[in-house]
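Quick notes on the structure that follows.
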């Protein structure tokens, strides 16, 4: 099982724009229109499936919120941070 990161480690390692919310890291991406956000969410879903580590994704009209946590570890691990970085690269 992956080791939990401390709050300080999360703050240090999480990509810019990602914040700690309870036992998850989260970021809201903004888009010009709904379908661009849906397309982005689909890409995040494909990435998550490849890595077998699935975030919570919320699609709104001009924004998509992505949340990562490692349920089996009970919080944020290095894998969550790595996937957050990969999500940022999709944009």
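How far apart, in nm, are two points set 7 Å out from the Cα along the Cα-to-Cβ line at residue 90 and at residue 35?
Between residue 90 and residue 35, the label points sit 1.9 nm apart.
In whole angstrom, note down how far apart the Cα centers of region 9-34 and region 63-91 are.
Distance between centres, Cα-based: 8 Å.
Using the Cα atoms as the points, what is the convex hull volume per residue of region 7-90 in Å³? List each step's numbers first, then the result.
Numbers: hull volume 6.7 nm³, N = 84.
So the per-residue hull volume is 80 Å³.
Quick note: the coordinates plus some simple rules give every number you see, no bench work behind them. Note that the structure is a prediction, hence the values are computed from the model and not measured. Cβ sites come from the backbone with ideal geometry, for glycine too, and all protein chains shown count toward neighbours.
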